Amino acid sequence: MIRYITHPSKMYRFLHIFLMLTFLGGSLAGLTDSEGTDPPNLSNCHSCVSTVYLTSATAGWALSSTFLNNVTYVLHEQQGVWDWEQMPITSNESIAAFAATSAGTWAIVSNYSPTAPAYRLLHYQQGAWLAHPLAQSFDDITDLVMLSPTDGWLIDDHGLSEQVVGDSTLMQFDGQAFHNVATPFNCSYTSLAFLTPAAGWAVGQNGCIAQYKDGRWRAVPSPTTEDLNSIVMVSPAVGWAVGNNGVTLRYNGTQWQVPSASQTVTASFTNLAMVSPTEGWATDAFPAYTSHLWHLQNGIWQKVSFSSLDRFVALNLSSPDTGWASGFVAQNASDPFIGQGFLAHFKHGTWHIAAIPRLPDPLWVQLLRWGAILFVLVVASLSLWMLILTFTPSVPILMRSWWVRIGFVGILIVVVGEIIWLTEPIIFRYYRPDVRVAAAIVGGCGLLIALSGIIAVLFKKDTTSLTPAARLAERADQPWPPY
């Protein structure tokens, strides 16, 4: 048997066969790269990475929703570790609004199916989502604040509606449904802030400001006509609001004012997070997402820049030293709306880009991956056995050529690269492009080595050291005779 397979013509064929088998193993490795293997590729980052919510220093949510295999996932932080949380949303539904505080986590989902309720309110309790159907419909929910299971507010913007243009409605939740609440003027509201169920604020376009007090909304004088995009109340006597063209307002307990120390800033702030009465952070995401964050201290803004391709969308901080921001890495500078999502962690005064964990792989990908691993291990075992045979004195001297051995060594190196590629999703919880690059380099080097050995064997075949009977056997393609 050994003499038969170590016949020179057979060995050449085995080298070719094993090389083709390694190519097949590489193809199987490529097929295992499902959508769950790589970080989500965000084609519409305005809706895919909308905001970050922190319910404590080590718990929170990031609305980086991804739809995979008819399942919708959002990022959920527990004990300081982010992972994907499956939501009970069908293929006809999408997340219309999200809210998470220490009081709980809620989401409003819209349904495009004519046979199902248009909207549902989901409440996350004890590790499960509970659904509550909503009878009414909405145009575009721009902000949602839930104070308890029986009290909450949202802004329904009618800017896309044909009936009402440039207007919005404030709606209150009573435990069963949302109801329209009268406001002092027509305004396209953009942001809500509530300290208690009885004390709230709303800001919007053209600098409009409204205060909720004593069960009703009333107009409050505003020192600006710029659009206000975000409001945060630190206490009943301290609040901040930011908007377009760098507008920054501070509430002193009686009125809203432009801080005396404020400077000229051209940024259009869209997301504000305050960590103290005088310190906060904001994103600059209008008209396009930017590669920097803004730090506010005593009314003075300071730009904190990152890589030119990093795009920040939203942020939230639970303390002056702990926070998270969401965003994406743009594919190129000319297309600022498409890229791969990331999270940035603020700790000890510094922001660090953190990778988004892998999405769960479907069962067929897991089975294919383990099957590919088993396949390449079999190929490696057979190649190693053939390599060992080349060091056996009983085989023909031509098969003990170093070129034959180099060919099999190259095939083994290719297999090592394939094993690294296949096991990377199993070993590492986060996407590791450096490991993928290393696997590709190892496999590529092994391929070059294997090809050099095969080519050398084909073009440098030397039979001068063989006996006449051996040379005749090789020409006749017959099993090797005894020495």
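What does the C-alpha gyration tensor say about the overall shape of region 398-458? Classify as rounded when a/c is under 1.5, otherwise prolate if a/b is larger than b/c, or oblate. The partial results should precede the final answer.
Numbers: a/c = 5.57, a/b = 3.09, b/c = 1.80.
It comes out prolate by the Cα gyration axes.
Which of the chymotrypsin sites (Phe, Trp or Tyr not before Pro) across region 125-221 are loop residues per DSSP, with 15 or fewer other Cβ within 10 Å? Mind dumping the intermediate values first?
On the way: sites: W129, F138, W153, F173, F178, F185, Y189, F194, W201, Y212, W217; in loops: F138, F185.
Answer by residue number: F185.
Just so you know, all these numbers are worked out from the coordinates, no wet-lab data involved. Just so you know, these numbers come straight off a predicted model, no measurement behind them. As a convention, Cβ positions derive from the backbone with ideal geometry for all residues, glycine included, and neighbour counts pool all protein chains shown.
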